[in-house]
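> Shown below is the structure under consideration.
The values are calculated or read from the model by the stated rules, or taken from the named source; none is laboratory data. In this text the structure is predicted, and so the values were computed from the model without any measurement. As a convention, Cβ positions derive from the backbone with ideal geometry for all residues, glycine included, and neighbour counts pool all protein chains shown. SASA here: full protein model, heavy atoms, side chains in, ligands and nucleic acids out. Shrake-Rupley method; radii C 1.70, N 1.55, O 1.52, S 1.80 Å.
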Amino acid sequence: MPKAQETVLEIDLKALKYNFEHLKSKLKNNTKFLAVVKAFGYGSEACEIATYLQELNADYFAVAYINEGVALRRAGITKPILVLHPQAVNFKTLIANCLEPSLYNAKVFNEFITIASAEKQNDYPIHIKFNTGLNRLGFWENDVDYISSKLRATKAVKVASVFSHLAASEDLNEKEFTLNQIESFKSISEDFIKAIDYKPILHMCNTSGILNYPEAHFDMVRSGIGLYGFGNSAKENQYLKPIATLKTIISQIHLIEKNETVGYNRAFKSNGFLKTATLPVGHADGIGRQYGNGNGFVTVNGQKAYIIGNVCMDMIMINITDIDCKEGDEVIVFDANHTAENLAETANTISYELITAISQRVKRILLK
Ligand SMILES: *Cc1c(COP(=O)(O)O)cnc(C)c1O
């Protein structure tokens, strides 16, 4: 791999393929794989990721919002794209781009049918989401009759899938709750299929659901974080490879005397001689202020260097007192060894938040 000369996010497509194949190995042959590429492919590069996964025969894609799906279509993605949280104001754009909406309450369901009918659609694929305990988005079990009667009254739409989302699939202390969600989804989907008289795709599992609840794979699974290399547990992480490496360089080294301070608000006070390095990556790049003041660390020539003082918009300062390094040297913010999950833990958060926060300002480099 080339040494960084500026802040870059390297994305390793070989690792992506490895993760995809590992997750697929957990499925039955006929279980479909939906790849979740929302939020710029969890902060990596959604179009490149989706293009590669389409080559590898992923069956379906999902994004959160309509504009994310439009970007995939412009990049040449032809597989079906589920939009998990579409906003009615953009329904015409959704239809124009052959994106498939998740419909989760009577309001958006009826708004969509109205627009699909006005656009003279026939059997337009929609996805009905049921709430089974997350209490975020979804129809309730007792909405089945309402939905099916509305569906019988229109030719504009057809249900491509029925799905639900697990609240705590990574937490085995919540196993009983999760099993209840699965049972509830089974019973709702059976009633629903009886009521509409055809069988849509059923799906429920996210990455941790795939790994922990094989009995809930149904016809399709939806994986996001696993594709990007994290399995939400030390055990599962062993079998996955983080695809993204955030690298930067040392812009400047300072020798700091006792009682001097470093950075804004003089948040760091030196109690002895200190060597610091300033790096061109800050909170505008996705390294939030919670990583500052000795919480987070990066790796310089294989050694840990803590972030000192407040994180600035465009820079951080790190303590390199005991590290042999010079201006221009490469610095690893996270990679497959010092992972985004490890760094996220230093700020009491999760890999998802750190990787999706890496801003569009950071140059992406694809390793093929
Ligand atoms: C984001 C999302 C997923 C992907 O979850 P991971 O834990 O990243 O695998 C699946 N389903 C829904 C509804 C989501 O919002």
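> Out of all DSSP beta bridges in segment 198-309, what portion is antiparallel? Express it as a percent rounded to 5.
Taking every DSSP beta bridge within segment 198-309, about 90 percent pair in antiparallel fashion.
> Work out from phi, with θ = phi - 60° and the Karplus expression 6.51 cos²θ - 1.76 cosθ + 1.60, the ³J(HN,Hα) of each residue of segment 119-129, listed in order in whole Hz, and give x for Gly and Pro.
Here the 3J(HN,Hα) series is 8, 6, 7, 10, 6, 5, x, 10, 10, 9, 9 Hz.
> With N set to the number of residues, divide the alpha-carbon radius of gyration of the chain by 2.2 N^0.38 Å and report two decimals.
Normalised Cα radius of gyration, the chain: 1.13.
> Moving to a separate point now. How much accessible area per residue does the chain have, in Å², with a 1.4 Å probe?
Using a 1.4 Å probe on heavy atoms only, each residue of the chain averages 46 Å².
> Please list the non-local residues whose amide H lies under 5 Å from the amide H of L366, H modeled 1.01 Å from N, same-chain partners needing a gap of 5 or more.
I11
> Quick one: dipole size for segment 204-312, taken about the Cα centre, charges +1 on Lys/Arg Cβ and -1 on Asp/Glu Cβ, in debye to the nearest 20.
Its charge dipole is roughly 400 debye.
> On a 0 to 90° scale, report how tilted helix 13-24 is relative to the longest principal axis of the chain, with both axes built from alpha carbons and the result rounded to the nearest 10.
Orientation of helix 13-24: about 40 degrees from the principal axis.
> Can you tell me the dipole magnitude for segment 40-169 around its Cα centre, using point charges on the Cβ only (Lys, Arg +1; Asp, Glu -1), in Debye to the nearest 20?
380
> Mind ranking 216-223, 132-139 by how tightly packed they are, going by the mean number of other C-beta atoms within 10 angstrom, highest first?
Going from most to least packed, we get 216-223, 132-139.
> Starting with the highest mean, order 170-180, 245-255 by the number of other Cβ atoms within 10 Å, averaged over the residues of each peptide.
245-255, 170-180
> Over 22 Å apart: what share of the alpha carbon pairs of segment 225-368 falls there, rounded to a whole percent?
For segment 225-368, the share of Cα pairs beyond 22 Å comes to 37 percent.
> A further question on this structure: In what sequence, largest accessible area first, do C325, C98 appear using a 1.4 Å probe?
The ordering from most to least exposed comes out as C98, C325.
> Determine ³J(HN,Hα), in whole Hz, for all residues of segment 189-196 in sequence, where each value follows from phi through the Karplus function 6.51 cos²θ - 1.76 cosθ + 1.60 and θ = phi - 60°; x replaces Gly and Pro.
Once rounded to whole Hz, the list reads 5, 4, 4, 5, 4, 4, 6, 9.
> Taking the chain as a Gaussian network, Cα atoms linked when under 10 Å apart, which of G224, G69, G272 shows the biggest mean-square fluctuation?
G272
> Roughly how many debye, to the nearest 20, is the charge dipole of the chain about its Cα centre, given +1 on each Lys and Arg Cβ, -1 on each Asp and Glu Cβ, and no other charges?
Dipole about the Cα centre, nearest 20: 720 debye.
> Turning to a different aspect of this structure: In whole percent, and with a 1.4 Å probe on the protein chains, what portion of the accessible area of segment 219-264 is carbon and sulfur?
Carbon and sulfur atoms account for 48 percent of the accessible area of segment 219-264.
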